[in-house]
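First comes the structure, then the notes that go with it.
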Amino acid sequence: MKLVLTINRARHLEKCGILPDEVDQVNQDPAHITMNMRGGGRFLLGRTAAGRYLKIALRPGPGGWHIWTGWPMSEREKRFFKAHNKRRRLDET
C-alpha cells in the first residue's frame, strides 16, 4: 500500500510517540491488517521491528493513502490482531 506522509503529519506522529520509520515497518509487516473505517479511511494495524503494536489511521488522497495519526494498540486491539493472524496461519495450512 502506498503511504504518503506530509511534514505536518510527521510532526503530529512524533507528538503521538511514533516515528515515521515505524509506520513503514508496520506497513511492511507481513502480518499487518487493514480495516475500513467510516468516512472512507482505513486503519493499518501491525508490528514494528522493535515489537511495538501500532494502529495507524489513513485517509485517501492524491498519490496514495495519507497517514493521518497513530497510536499504540490497546490490549483489546492486540488480542484482535493476534487472533486474526492466528486464524490466517491456520487457513494457510
- Message: Anything in region 14-42 that is in contact with a Gly (Cβ under 6 Å, 6 or more places away or on another chain) and closer than 14 Å to residue 65 by Cβ? List them, or say none.
- Response: 26, 32
- Considering each of 73, 37 in turn, give the residue that is more than 14 Å from residue 5 (Cα to Cα) and open to solvent by 50 Å² or more (accessible area, probe 1.4 Å). 37
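For (1) at pLDDT below 95; (2) exposed (fewer than 13 other Cβ atoms within 10 Å of the Cβ); (3) touching a strand residue (DSSP E or B) at 6+ places or on another chain (Cβ under 7 Å), each residue gets a yes or a no:
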site	(1), (2), (3)
46	no, no, yes
51	no, yes, no
59	no, no, yes
81	no, no, yes
84	yes, no, yes
91	yes, yes, no
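The values are calculated or read from the model by the stated rules, or taken from the named source; none is laboratory data. What you are looking at is a predicted structure, and each value in this text was computed from that prediction instead of being measured. Please note: Cβ atoms are built from the backbone with ideal geometry, for glycine as well, and neighbour counts cover all protein chains shown. Only protein heavy atoms, including side chains, enter the accessible area calculation; ligands, DNA and RNA are left aside. Shrake-Rupley method; radii C 1.70, N 1.55, O 1.52, S 1.80 Å.
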